[in-house]
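Written below as structure tokens is the structure these notes are about.
Read-outs: derived from the displayed coordinates by stated rules, not from any lab. All values reported here derive from a predicted model rather than from experimental measurement. Don't worry about glycine lacking a Cβ; one is built from the backbone with ideal geometry, like all the others, and counts go over all protein chains shown.
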Amino acid sequence: MPRWLLRRTLQAALTLAIALILLFLLVHVLPGDPLAREGDRALTPQQFEALRARYGLDRPLASQLVVFLVGIARGDLGVSIQYGRPVTELLIERLPATLLLGGAVLLLNFTLGVWLGVRQAVRKDSLEDRWITTLSLAGYATPSFWLGLVLAGFIGVRWHLLPSGGMRDPLGTGGFAATTLDVLRHLILPAITLSAVTIAVTIRYQRTAMLEVLHLPYIVTARAKGLPEGRVVWVHGWRNALFPVLTLLGLWLPILVSGSVFVESVFAWPGLGSLAIAAVGARDYPVLMGAGVLAAGMVVLGTLLSDVAYAVLDPRVQTS
Amino acid sequence: MTRVLEVGNLRVSFPARDGRRFFPVDGVSFTLDRGETLALVGESGCGKSLTSLALLQLVPASGRVEPGSTIRLGDTDVLSLKGEALRHIRGRRIGMIFQDPMTSLNPVFTVGDQIAEGVRAHLPVSRGEARERARTLLQEVGIPDPAGRLDAYPHQLSGGMRQRVMIAIALAAEPEILVADEPTTALDVTVQAQILEVLDQLRRARGMAVLLITHDLGIVAGRADRVSVMYAGQIVEEAPTPELFAHPSHPYTQGLFASVPRISGPVNRLTPIGGTVPAPTAWPTGCRFRPRCPQAFEKCQLPPELLPVGPDHRMRCWLAEGRPFRD
Amino acid sequence: MRIIGEALQTVWETPRGRAGVMFLGFLVLLALFGPLALPDPARQFDLDELAAVSPSVDHPFGTDQLSRDVLSRVVSGARISLAVAALAVALSVTLGAGVGLIAGYWGGAVDALLMRLVDGALAIPRLFLLMLVLVVPDRVPLLALVLMIGTTGWFATSRLVRAEVLRLREETFVQAAEALGASRRRIILRHLLVNAAGPLLVAATLGVGDVILLESGLSFLGLGVQPPTPSWGGMILDGRAAIEAAPWISIFPGVAIVLTVLATSLVGDALRDAFDPRGA
């Protein structure tokens, strides 16, 4: 593995470790016992005792921390108070739905967002430029849960155009094609909601990056060669304006993780977000903690991936 | 001699802060014949770079070539061209080299790709053929191990090599005219001579006309056939090179020569030209050099025309009137 | 301070910036004086006729399921949301500036430790952090909520300030002033204040918008502002069940959020352009 990659990976691991320690400390700094909820408990007394031992409030802090971290390393995130099942199992079960939603939003944002951003840069200060900026800012200002609620309420319930909740039609027939289509139909509203709220960032980043590139001398060289303007903008220009947007891909994971919480809740999309919301309602601390650990992990991974992508695409970084 | 390029009364305007327009290029005319080199000499701010950009309609977006300007490439009126036709001129009939090869080359593409792209933009060749041509061009511009260098990135090459690559790119589609905007300014002195030599060889081999833009009189001698001196957006003196060097007539040109250090000859103090170059937003009225001219007199309050002072030699100065024409 | 004044003037001159400032000004006035002019929503329970009424002349935004006038509630909610956001952001900026200053000035191990902590903290999405924190106690008093939101928002600011301090340490004019006898600390502090004031103001403005979104989200989850204190997020939650029958209950508070955060974004953007030496 190249030296820089090794170094970055170790840094990422360190950051993750610190994040986990912070999460752990959070539980202990707060007044009140997180496990003293008298809510629904599907746990046997033994399971509950094991959980207590895990967050063991009677043992020295340091050893508790070790137990915690070792547990995570082994993939053990405790047991859900609500469901009585291992948290890790629940997370894995719900992850695909969130990834599907996230993937759809990513696709939307990075195609439409990139295209609009480049367009704006090329038409800087035009009416179209200003309108796109204002509209995308309005999108950013929109609470995702509110937009989801409104869309679900009107397009889903009132006008019956698209499903307003869930991932699948419970009465639907089997068959791969039919199921896929069904899922896609259910995906439309949540994906549009989350995309509308987050696309502004992508457009902004791309526009700024593109503006900087379009002023550089090698763009003039490209035109002087007699290349078609489309090629000048997209091949010569955009290829260099790609980088900030790539770093955005890494920052995307945390946006996704947070944004999906509300959207999944409003659309009853069975992913990690709605799992977290249910855990909030039931004060199911182990699940929330597990979700937090997973979220932190995804953030660190996302940042690392975008660093790697940057290095791969910019030959200057590699050979330096 | 066939005339390949004819520029008449070229004016380029830009918007000023107060909404009016100013003219960094203000009535420039020159011609270029096949196989000859014309040097356009002037300090920064005189408008020479903009002049060259105007030839390919590459003036920055807010700028405008004013009506009344003409640029004729053989039979073609360049200023009336748009779209496909304009792109046909760029690279295919006029090739251009820019000043700083580090920022003028795209950092994320290999050198070979950038040259081949120039070839394929105008000539109907396959990728493989284009690549082969790129290799040949690298060889022609004097880069050692051309085949190996094709896959190099610009940042992996030295300044001199990058400039050679720029030349290769400019020549990729075999243009009849080469415009070189300060091709050696960003390079070390030793490398400068090499680049100029390469340009010379290529010109002779291909029978190209060259427009050499520079602020350095030193590189003009022995390289250019004719010289036009620019100041404040206008041509102030034009002559064949030997004539100009023997008899610099415009006070500005004289000032330029006086401020150039010479290795041989008596060691004197350098005499710089007093004052500073005027800003394009506020050209002086009358003769634009008047505020700095040691020989200014009353008539200089009127803007002078280009007046003859010698064989094929004109200058924009009223002093020409009082002088006998040299034969 | 003069710089800030100039920047604000520039903001006023751009159409979008002006629109943002005007809206925010209007909102602040509304929040301060609105509840005095409008009927108190807490005393509007008409127990005989608990029904949601659609918008009419009497009730321009309609009423909710408990017959409370939505317009009054939205205006009262403005008070809460703006207050929470302003206080939380003030806390975040202060903390961030403080930590950044310490890290940048002391350097060495202190700096390394602090920045590693910041990196780790930034890895945890703010929403999750707050959910974890707010889920535990039975009731979260408003001040505690402000505290929690404020203490989770200083990380990026600290990096900003630290970078500025580091830059200033290297400046030759600092060494020159030191040679003339000025205290190094004071020089850095003074110049820091001048240089960082702009970016901090921008961060604060945009931060207000972010906190409004965050707080409304938390209130929607039942974790933020607790009823009966009105909040925009809480109102949207109230209207959730009735979204088909009485959409206005949720719609208007949402529109309020959109307009407010849009205004802060526009002002923040305009401020950023104003402080940027390169110009827009």
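At a glance:
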item	result
Loop-exposed GluC sites (Glu not before Pro) per DSSP, neighbour cap 14 Cβ within 10 angstrom, longest uninterrupted part of chain C	C:50-170
Distance from region B:1-21 to region B:102-176 (C-alpha centre basis), Å	31
Karplus-derived 3J(HN,Hα), 6.51/-1.76/1.60, for each residue of region B:11-20, Hz, glycine and proline x	10, 10, 10, 9, x, 8, 4, 8, x, 7
Separation of alpha-carbon centers, region C:179-253 and region A:216-277, rounded to whole Å	26
Longest exposed-site-free window of chain B, the sites being chymotrypsin sites (Phe, Trp or Tyr not before Pro) in a DSSP loop that have at most 12 other C-beta atoms within 10 Å	B:1-296
Percentage relative contact order, region A:197-316, counting C-alpha pairs under 8 Å, at least six apart	26
Within region B:1-157, percent of DSSP bridges classed antiparallel, to nearest 5	90
Sorted by Cβ density within 10 Å, fewest first, the residues B:CYS293, B:CYS287	B:CYS293, B:CYS287
At R0 = 35 Å, FRET efficiency that the Cβ-Cβ distance of A:ARG231 and C:ARG18 yields, to 0.05	0.30
Helix A:127-141 axis, angle to chain A major axis (alpha carbon atoms, nearest 10°)	0
Normalised contact order of region C:161-254, rounded percent, pairs of Cα under 8 Å and 6 or more residues apart	15
Whole-number percent relative contact order across region B:171-269, with pairs defined as alpha carbons under 8 Å at least 6 apart	21
Anisotropy class of chain A from Cα gyration tensor, a/c 1.5 cut	oblate
Residue among A:LEU194, A:LEU101, A:LEU135 with the largest mean-square fluctuation in a Gaussian network model of chain A, springs linking Cα atoms under 10 Å	A:LEU135
Max mean-square fluctuation residue, GNM over chain A, Cα-Cα springs under 10 Å, options A:PHE176, A:PHE267, A:PHE154	A:PHE176
Net charge over other residues, Cβ less than 12 angstrom from the Cβ of B:LEU212 (K, R count +1; D, E count -1)	-2
Region B:272-326: GluC sites (Glu not before Pro) falling in loop per DSSP and having at most 15 other Cβ within 10 Å	B:GLU305
Proximal charge balance of C:GLY62 [Cβ under 11 Å; K/R count +1, D/E count -1]	-1
